[in-house]
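What follows draws every value from the coordinates through simple rules; no lab data is involved. Treat the numbers as computed from the prediction; the structure is a model and nothing was measured. When we count neighbours, we look across all protein chains shown, and the Cβ atoms used for this are built from the backbone with ideal geometry, even at glycine.
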Amino acid sequence: GEIKGLSTSLYVDRRKSKVWNYYTKLGDAYVECNVCKKQLSFHNSTTTMREHLVRKHSIRDTLLSQLKDDQASESDCMAQENMIKRSRQMTPENYLYHAASCSEPRTDVILELVLEMIFRDLHPLSVVKDKGFGLLIGYLEPNFTLPSPIQLSSMLWHRYNVVKQHLERYLQTAQSIVICVEFWVSQPNQTYLTITANFIDGEWRRARCILETQPVHETKGAGDLGEKLFSILTEFGLSNKSIFCVMHDSLQNTVMNSQPLKSAYGWTSLCCAAHTLHLCIKAGLEVDQVQEALTAARGIVSYFQQDAKATCSLNSKLEAINKTKLKLVMDVGSRWITTIEMCESLLDLKWAIMSLLEEHPKGTLAVQNLADHQWKLLQDLVPVMRTIKIATSFLREEQNISISSLMPCIHGIITAIGQQLEESSDVIKMVVGNIRSELMQRWSISEDEKVLESPAITASFLDPRFKEMRFLSPNLRNELHKRVKNMLSEVFNHQSPPSTQFWLPNSDYKAEVGEAGVQLSAHKDRGPSGQSQSMYDILLGKDPTESMPEIHQQLENYIVEPLCKRSTNPLDWWKTNEHRFPAVARLGRQYLAIPATVVLPDQAFAANESTLDPRLQVKLRAHKGTMMSGLQTAVHPTEWGLDSDWQ
């Protein structure tokens, strides 16, 4: 993610010298060095600024030594773009050393690499004072003097500020933003809050940008969260109107209440699909007989994992038939996927477990075997759980990250597990009944009015793979089409010029459908007064009676468009077809930006939560959350919950 971020940042501002990372402009004639606060005169040249950095601070723009200054010619810019393309094919390490292998003094390269190590691996700045690190550097480079933590701090802040500025500019291009709020707990039970901004940019790339990770101390309610979100948005130059909705994982139920967020800020609140699905399955597994069987199963797993003699006996039996890869798995209460893995592992090793338990006289073992009906219950439970696990595999695929894939998937689960009931026991029927009931209630599937209000339903319709909405009744489909038509009319009536930057078709297409299905082509909007008609449009806006039918026609054309294959990425399809349905594409960009889960699906549906130490957990959140479109994440250094010397 880092090198993609670097290259994208360069592409955004390719004519700007990296020297500016270390300076602040004071008016038109002066600049101030951010390291020593010395003021220098500025005459549209960075030469003096470069010399000051090299002479006083031993800083050279190592990573970008191949690039030219502001005066780069057009051919130079092309060369830069080619370099950027090459960099995308290199690993971060290769890129770093490749860039550093140019004619830079070795001490400058080492300084940059020390900063890179701290930046990439989240080391405290005090590492440069550690004796072991000093001995290592002293041996490798005897003439190199390690910088002070204060010097490194200054360089790090500038790196953060530069990335943050690029991110601010990138966020300003978003048509609308979905904020994801994740609460997570580190090993010493410190709760953290990670805020990410999600949107689809002008190139139809899915952007996931971490705005901030900070420790949570005393959170009193939704109002407090709203204030916190508003403060972070303001810091990145965003208004509450730029937020389409807020998604949360409800880890802290006292925090998330949709009403205050809606009334105070106008934000719709959605719950993470992974968290909601967990609650539905939990309701199914709470059937008494299932709980008894699972408790007994945990006892067996615990016994064979903790008793050395039992573990040795089990391993001996597995070695005898070359099945040493089979292992018992203990489930985790907060991760339902681990429960199915525990059941599967027990069933795979049932023969060995039964054999070992039978070899010992009754009463000598600290574990009770499962009764026959309990073994049968686990065996019947596994296919139901596997069906739901298949659904999570579907949601983990790259083209299914959007909430548009969610409702077809949920309806699929309800149908599939319902079909497994025909020859099931009463207990399994109760489990499946509870899960189905919870799924239908939490996603309002049986309530026609509520289901149509769901952003997930609108998103599915705007996904070219699911737009037929086969899981809805014909009446609901017609009602949905009317709602989308009203949305398009509302977009037309309230459209403002800045918001059209991503959905305007190219100039060649204007003669056919106009801009975003709103502005008609030149030969069409000439009225009796000829050119004056367009002059009136400038004054009064387009005449709705002329343009509205065009928008509605786009919707009709989109509806009759053939379905795409399920493997199609909807964003790729819209990138290709945006010019055909520009007004519908605008809605698509808004709704398809909503992810199904607060964190990336691989993490949301993972079997195990990370057991890393707090520093590495923060790093995991930071780097797993680097923008999928390529830009670098901009996590605030002082709010990572790390050592105080970061500051």
To the nearest 0.05, the calculated FRET efficiency linking N478 and L347 through their beta-carbon distance, R0 being 60 Å, is 0.80
Below 8 Å between Cα atoms, with a sequence gap of 6+, how large is the relative contact order for region 311-388 in percent?
27
Could you pull the Cα extents of region 325-423 along its three principal axes, largest to smallest, in whole Å?
57, 31, 23
Quick shape check on region 145-224: root eigenvalues a ≥ b ≥ c of the Cα gyration tensor, a/c under 1.5 is rounded, otherwise prolate if a/b tops b/c, else oblate, and it reads oblate
Considering all projection directions equally, how large on average is the shadow of the alpha-carbon convex hull of region 270-340, in square nanometres?
6.0
Subtract the Cα-Cα distance of I390 and A371 from 0.36 nm times their separation in residues, and report this length gain in nm to one decimal.
3.9 nm
Taking 0.36 nm per residue of separation and subtracting the Cα-Cα distance, what length does fully extending E203 through H217 add?
1.1 nm
Going down the table (K18/K575; K241/K482; K389/K467; K389/K429; K37/K241; K327/K565), which pairs top 28 Å between alpha carbons?
K18/K575; K37/K241; K327/K565
Return, for the Cα atoms of region 119-185, the radius of gyration and Dmax in Å, separated by a comma.
18.2, 53
Label model pair N143, S446: point-to-point distance (7 angstrom along the Cα→beta-carbon line) in nm is 8.1
Within region 402-435, whose backbone N sits under 11 Å from a point 7 Å along Cα→Cβ of D380?
421-432
Of 142-148, 434-440, ordering from highest average Cβ density within 10 Å down gives 434-440, 142-148
Assuming 0.36 nm per residue, please report the length gained on full extension of the stretch M354 to L539 beyond their Cα-Cα distance.
58.1 nm
